[in-house]
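One structure below.
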Amino acid sequence: MRHLMIGTGWKMNLGIRDSLDYIDVLLPKVESVSEVDIFIVPSFIALDQVGQALKNSNVQFGAQNLFWQEKGAFTGEISPVMLTECGCQYAEVGHWERRRLFAETNETVGLKTRAAWDHGLIPIICIGEDIKPVAPQDAAVMLKAQLQGALGCLKPQEVAQTVLAYEPAWAIGTGKAAADPVYANQIHGLVRAIVMEMFGKQIADAVRIIYGGSVDLDNARGFLQQAEIDGLFVGRAALNPNVFAEMVHLGLEFSFRKK
Ligand code: PGA
């Protein structure tokens, strides 16, 4: 059984004060929810205080990126040790914006994924085809290279607990180009098939594959209805904590169906 996940990444949007205000609004609205794994991915600068604010709550949190070394002369980077010190449970790696704007490659995504696991951080690995929608078989070629780079250095048990976020570049940040849920479901199935080829059926059945890219309250249900979609990773729409809380409750409707 794959537990449904509803998460949001705040990118370079909320600072410390705004993050804490968000959590104040969110927690009372979702505190009764146990059937959905809820996570937020704030900015680095807010992680420590977010961690304090989420203590003893049912909301988990993670970082938007990490470097693969533990310490040293790497100006501007954040190490996995620093993230665990803040209490992070997750580390997002390979977001399309990081690949496009900050030259991340499948190889560096692999190094970061390995470093995350070496420090007990669950990686949320973003994958997806770039530029424009392509036929599923062409998407599969790109996704396979991304998965081989990201997962190649993991042990099967680590892969089983890793989260994959399918976020096609053409659907991120557009507001109107969210992938068609049926297409997304088909791609999630292909991703699971690639994981199966690499690690076998048991691992592929366990790995959670969530969808991200212009998810909002209008289209969330369409994605959650799909058998291969194990949750949502939301950007702009969830910058409003009330909207995010509504999505979590929507997820609740589907968490029972997915068991
Ligand atoms: P968006 O961002 O929902 O604003 O498109 C999604 C993401 O980048 O994870």
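The values are calculated or read from the model by the stated rules, or taken from the named source; none is laboratory data. This one's a predicted model, so the numbers in the text were calculated from it and none came from an experiment. Heads up, the Cβs are rebuilt from the backbone with ideal geometry, glycines too, and the neighbour counts pull from every protein chain shown.
Of the residues making up region 216-242, those that are of a type in the set (A, V, I, L, M, F, W, C) and either out of contact with any strand residue (DSSP E or B) (no Cβ under 9 Å at 6 or more places or on another chain) or within 12 Å of the ligand (Cβ to nearest atom) (or both) are Leu217, Ala220, Phe223, Ala227, Leu232, Phe233, Val234, Ala237, Ala238, Leu239.
Taking the criterion of being on the phi > 0 side of the Ramachandran plot and among the hydroxyl-bearing types (Ser, Thr, Tyr), the only residue of region 194-233 that qualifies is Ser214.
Let me confirm something: among Gly213, Gly251, which residue is under 21 Å from Gly62 (Cβ atoms), within 12 Å of the ligand (Cβ to nearest atom) and in contact (Cβ under 8 Å) with a residue 40 or more places away in the chain?
On the way: Gly251 fails: within 12 Å of the ligand (Cβ to nearest atom).
After ruling out the rest, the residue left standing is Gly213.
Among the residues of region 156-185, those identified as under 18 Å from the mean Cα position of the chain (by Cα) and away from the ligand (no atom under 16 Å from the Cβ) are Glu158, Val159, Ala160, Gln161, Thr162, Asn185. Evaluated against (1) surrounded by fewer than 22 Cβ atoms within 10 Å (Cβ to Cβ); (2) among the aliphatic types (A, V, I, L, M); (3) within 16 Å of the ligand (Cβ to nearest atom), Ile40 falls short on exactly one condition, (1).
Looking for something buried (at least 19 other Cβ atoms within 10 Å of the Cβ), of a type in the set (A, V, I, L, M) and more than 13 Å from the ligand (Cβ to nearest atom) - is there at least one such residue anywhere in region 90-102? Scanning region 90-102 turns up at least one residue that is buried (at least 19 other Cβ atoms within 10 Å of the Cβ), of a type in the set (A, V, I, L, M) and more than 13 Å from the ligand (Cβ to nearest atom).
Among the residues of region 138-155, not a single one is farther than 13 Å from Ile209 by Cβ, touching a Phe, Trp or Tyr at 6+ places or on another chain (Cβ under 8 Å), within 16 Å of the ligand (Cβ to nearest atom) and aliphatic (A, V, I, L, M). Among the criteria (1) at pLDDT 95 or above; (2) part of a helix (DSSP H, G or I); (3) closer than 24 Å to Leu26 by Cα, the one Phe254 does not fulfil is (1).
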